[in-house]
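Scroll down for the structure; my scribbles are underneath it.
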Amino acid sequence: MRGLKTPLGAAAALSLAFLLFAVVLGPILWGDDAIKVDTMALAQGASAAHPMGTDGLGRDVLARTMVAARPSVGLALLATLITVAGGLLLGGLPAVLGRRAGRLLNGFIGLVVAFPGLLIALVLAVVLGSGGRPAAFAIGLAGVPAFARLTQTLAASVAGRDFVAAARVLGVGRTRMLVRHILPNIGEPLIVQATLGAGGALLAFAALSFLGLGVQAPDYDWGLLLNEGLNRVYVNPAAALAPGIAVVLAGLAFNVLGEYAAQVFGGRSPAARGAGGSARPVPGDALTVKDLRVSYGPAVPVKGVSFTVGAGERVGLVGESGSGKSLTALAASGLVEPPGVVAGSIEAGETAMVFQDPMTSLNPALRVGTQLAEVATAHERLARRAAGRRAVARLTDVHIAAAAKVARQYPHELSGGMRQRAMIAMGLMGTPRLIIADEPTTALDVTVQKQILDLLREVSDSTGAAILLISHDLAVVAQLCSRVLVMYAGVIVEDLTVERLVAGPAHPYTRALLASVPDMSADRSQPLATIPGRMPSPADPVAGCPFAPRCPRAGDRCLTAMPPFEDGVACWHPIKEVS
Amino acid sequence: MTALEFQGVRVRLGRRRHAADVVKGVDLTVPAGTVVGLVGESGCGKSTLARAAVGLVPLAAGRITPGSGVQLVFQDPYSSLDPRMTVGSAVAEAVPKGAGVDRAGEVARLLDLVGLEPGHAGRLPRHLSGGQRQRVAIARALAARPRVVIADEITSALDVSVQGMVLNLVRELQRELGLTMLFISHNLAVVRYVSDRVAVMNRGRIVESGPVDDVLSAPRDPYTRTLLESVPRLR
Amino acid sequence: MAVPTPHHPAPPGDPVEEQAPPEERSSRPARPGAYLARRFLRFLLSLLLLVTATFGMVHVVPGDPVRAALGITASPELVAARTHELGLDLPVWEQYARYAAGLFSGDLGTSMISGLPVSQTIADRLPYTVMLALVAFAVVMVTAIPAGMAAAAWTRGGRGRAAELLFTGASGLLAVVPEFLLAVAMIVLFAVTWELLPVANVSGSLTPSYYVLPTLALAVGPAAALARIVRVEALSVLSSDFMRTARAKRLPARLIYLRHALPNLLTGALTIGGLLISGLVAGSVLVENVFVWPGLGSALVEAIKAKDYPVVQGVVLVYGGAVLLVNLAVDVALGRLDPRSTIKED
């Protein structure tokens, strides 16, 4: 139980222990005190004999509060049980029923769920009458719509995933689908919700009893005790506080349990980011990176990268996922955020960024024109109207027809290619010396990809801005760049011209990468070359060349010593011959 | 093995006023024991066509034969496997029910076929790499003893070095088992590598089809030409 | 709906992904009119459900409701007369028709106990409840949104651990404590122990000081809950791609937070805000009872206890109708604020 070592885990264990103690032992330990009528101490304040005072019949309030734990928690659990059973049934049915009946049921749930639970519980209390059991049913039933809605939403989200479609293709029946594929994948949030719901039911029950609609005298629970206490609050405030505190503690216990369950199940880890180092303009090269390291705790995804992008030069940074190429680009523009730690020196001129996913990289709530214009208003103190005119001009520059209209539109009204053009236009609002484009065409179609690559080349030619193009696709890089940096496991293994890339790279990894991708002239009678093994993870310590375990040319030295970066390649056994 | 035939297939998606014809009358034949590559850009209707063939979306018109025994391998191996199901039970679920079926033996045979070790059967998908997951998905599709297999962008979620392995596997399996296969991809080079014939789809219609070499070396349709010109090339 | 791509798979199983070629699909008309009409239809359906439920409530009560209200001492003649008076001896469908027709003309029936028109009772009591809820809602919105945003800005990326613990701990506790317990605690502290503020006033005129405790009791919990949600929302907005774009543009912090983050937060906050009002409506029932507030909530509880069904029906109708109206207003506002929300099918 390593979870108990976290503060939340400890709190969950502690509150659970408190609840169990009161529920199991409360009536045994305090049962007698709770019914002992002391005519000598009617309605007293706190005293040594009665720490929370006595009620109108001279019974000890503390003892009654402890005894009331069992009915209070028990009835809350009964209500939760009803909620969960009803909710699962109602929420799971649409998945089993046909499309039409399911939609009808969903519509109904949607209508009912709009009403607050307490209001439904009150109405049901009228119908079912007062008393413990009826109130438990009222509260339980009142919770059903919300739980059903959650079940149904979760089920629908799972039902949309490919593995459910795959099971359908295999002919798996609806009931088995629900039981075997859907419920197991939504069970955890439902358990969390049920635990939190138990806390809610406990509070709702206290509320109902407090209003006199729940448990009826001579039985009592916390809500009823609270009611009695409040009537005499000027005489003995403690009598109102004691059951109140008990309700809050028990409610908290369920909540902490729920939060703990959520953490255990969810493994929540906030993907956090913060502002990083700043870039400052320098003459000469557009970007100089020296011994750049990016680390996240023990993991070091970028392990000492050095390179230069000359003025107006177009350089590609190529690697597979996990090679550290995107982080290198983010670090170069000062956008790595905590807990990421950046070390090394970065000198960059004014930089513009183009990101992979144009769907999410533009602010959905602001007009395109506003997002462009603010670069100029913020940095050059340009008047709004002038900035707006420049925005339209830049949108025209990136070949957006009817630029004035597009400037007034929101990002969701544009296609992917248009958004990526708008991103590039945004970069051109200043006078960038460097455009860092991180997989700018990966999310786009191949015909649109070509247009965007052509546009980047044109922009680079006309403004003299250098380009650092990050991509997993060697062919894409070869379209735009003159020089290619190849990254593997956090280091640059080769720095070569596109001509050399085509003719035959020196590093075995670059060669293998090139051979494993089919191109339009690949020999179809031969199997594709493959690279056995896996790239080491950023957390693995690597003594020698990171590629050595997968390399056909690796010798003993490769496994123990990292080869130096010489003549554009980091390899003990570079391939000399050109194919 | 059987041929896969689409005859005048139309698919309409969306409800009422949002409804639109996504597939607008497709005639296409995948001859028995061959691979037909289907290329096109996102939104052209190729994935919808695949989903229609396995009954995941209803047809508005036309006919697809065979009506059953078609298996689909999905694009994203991270979402097409139930995260709560071991590799073994995912494959076993697909094995047809019947007397005298040795499920465990069948699962082991299929895992071996796609190049996974028997020990993988007890693992959950999250313990596998992307390439291994896609192998499981292929094994699961084969377990159902399909007459036709449709592969929908099965390598596009994978890294390039892994993509090569999966493509090799697809080719090997197709030749060994004589599979009838519709291989869908947006990547012309990948389609060219695995297919015997190719069909080009644009805006819900097949604009051109024929033997791979003919179509790619002498495209007749202007859209095919644009597509070919847009492919980034190293050499 | 992203274009399906190698490295960014579109939500799988979404068949709409292939609706139209990307360059054409671009500007999908939002058609605010259609959205509003659909939303209004849902409102009407909910209202119908509410009316039916309140009507049906009386008919599923075990035993004779009139007998229950008048007590066992009432003579059979009186019960029969009152039953006839209320129309309870008619066929169910006719009763329903009369009930619905009465609602349209503002006739909510008469109390079984006092014999006064229910609409009279509601008109007398409603203003007090509305004032209470409005003041509490204003308090919630004004405190929670800035607090949540500030907490997010301070605690991003694992910074300010102590501040984060303090915020989540305190807001978590406050969000859990139900309003009626808070009300009791406040009475004990501010009214009984320190004698700072007045509690209940049975005589009528309510000066502002009478509002302090009830509104606070009502507002604190929702404010804490909203602040937590705003913080979580803000954290996710702050780490989104478009915020990275904004930072890449080297904009000043003021613009980054106010122009880029806030509008994206508001939609979430507003959605929750609507839910909170529904919660406030229900919570007010309890708070009114604690403070002997002369509003609808006290009337409702009194009526339930006295089994005065016409009053219960009327008050539940008002509460339910108010909740539905608020939800409608929030959805319409959302549609204006965030044009994408109208596209979502419900």
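Just so you know, all these numbers are worked out from the coordinates, no wet-lab data involved. Treat the numbers as computed from the prediction; the structure is a model and nothing was measured. Cβ atoms come from the backbone with ideal geometry, glycine included; neighbour counts cover every protein chain shown.
Taken residue by residue and averaged, Cβ atoms of other chains lying within 10 Å of the Cβ of A:409-419 number 5.
Evaluated with a Cβ-only charge set (Lys, Arg +1; Asp, Glu -1), region A:357-429 carries a dipole of roughly 320 debye about its Cα centre, given to the nearest 20. Contact order for region A:362-411, expressed relative to its length and based on alpha carbon pairs under 8 Å spaced 6+ residues apart, stands at 52 percent. Between C:Arg336 and C:Leu45, the FRET efficiency from the beta-carbon distance, with R0 = 22 Å, is close to 0.45. Between the residues B:Gln75, B:Pro146, B:Gly45, the greatest Cα displacement towards the positive end of the dipole of region B:1-156, with unit charges on the Cβ of Lys, Arg, Asp and Glu, is found for B:Gly45.
Per-residue Karplus couplings for region C:227-235, computed as 6.51 cos²θ - 1.76 cosθ + 1.60 with θ equal to phi - 60°, are listed in order as 4, 4, 5, 4, 5, 4, 4, 4, 4 Hz, Gly and Pro entered as x. For region A:370-386, backbone phi angles converted through the Karplus equation (6.51, -1.76, 1.60; θ = phi - 60°) give residue-by-residue couplings of 4, 5, 6, 5, 5, 4, 6, 5, 6, 9, 10, 6, 6, 5, 4, 5, 5 Hz, Gly and Pro being listed as x. With Cα atoms as the point set, region B:83-145 shows a radius of gyration and Dmax of 10.7, 35 Å.
With the Kirkwood sum run over all distinct C-alpha pairs, chain A has a hydrodynamic radius of 29.7 Å. Positive end of the dipole of region C:31-103 (Cβ unit charges, origin at the Cα centre): among C:Thr73, C:Leu41, C:Gln95, the Cα lying farthest that way belongs to C:Leu41.
The relative contact order of chain A, computed from alpha carbon pairs under 8 Å that lie at least 6 residues apart in sequence, is 11 percent.
For chain B, relative contact order (Cα pairs under 8 Å, six or more residues apart, normalised by length) works out to 28 percent.
When the dipole is taken about the Cα centre of the protein assembly as shown, and only Lys, Arg (+1) and Asp, Glu (-1) are charged at their Cβ, what size is it in debye, to the nearest 20?
Using Cβ point charges on Lys, Arg, Asp and Glu, the protein assembly as shown gives about 1560 debye.
Taking only the C-alpha atoms of region C:116-334, Rg followed by Dmax gives 20.3, 68 Å.
Antiparallel beta bridges, as assigned by DSSP with both residues in chain B, represent about 50 percent of the total such bridges. Pairwise Cα distances in the protein assembly as shown exceed 53 Å in 32 percent of cases. Distance between the 7 Å Cα→Cβ label points at A:Val235 and A:Ala383: 7.8 nm. A crude spin-label estimate for the pair C:Ala170 and C:Leu126, with each label 7 Å from Cα along the Cβ direction, gives 3.9 nm. Computed extension gain for A:Ala311 through A:Thr39, at 0.36 nm per residue and net of the alpha carbon distance, reaches 88.3 nm. Given +1 at the Cβ of Lys and Arg, -1 at the Cβ of Asp and Glu and no other charges, the dipole of chain A around its Cα centre is 1120 debye to the nearest 20. Note on region B:156-193 and region A:70-84: Cα centroid distance 56 Å, given to the nearest whole angstrom.
Two decimals, Cα atoms only, Kirkwood Rh: what is Rg/Rh over chain B?
0.98
Selection among A:Gln526, A:Pro563, A:Gly544 by position relative to the dipole of region A:502-579 gives A:Gln526 as farthest towards the positive end (Cβ unit charges, Cα centre).
Rg over Rh for region A:357-429 works out to 0.93, using Cα positions for both radii and the Kirkwood form for Rh.
Over the C-alpha trace of region C:31-103, radius of gyration and Dmax come out as 17.8, 63 angstrom.
Step through the table entries A:Lys325/A:Lys576; A:Lys303/B:Lys46; B:Lys24/B:Lys97; A:Lys36/C:Lys307, compare each Cα-Cα distance with 31 Å, and write down the pairs that go over it. Exceeds cut-off: A:Lys303/B:Lys46; B:Lys24/B:Lys97; A:Lys36/C:Lys307. DSSP bridge analysis restricted to the protein assembly as shown gives an antiparallel fraction near 55%, rounded to the nearest 5.
The mean count of C-beta atoms from other chains within 10 Å of the C-beta of residues in A:524-532, rounded to a whole number, is 5.
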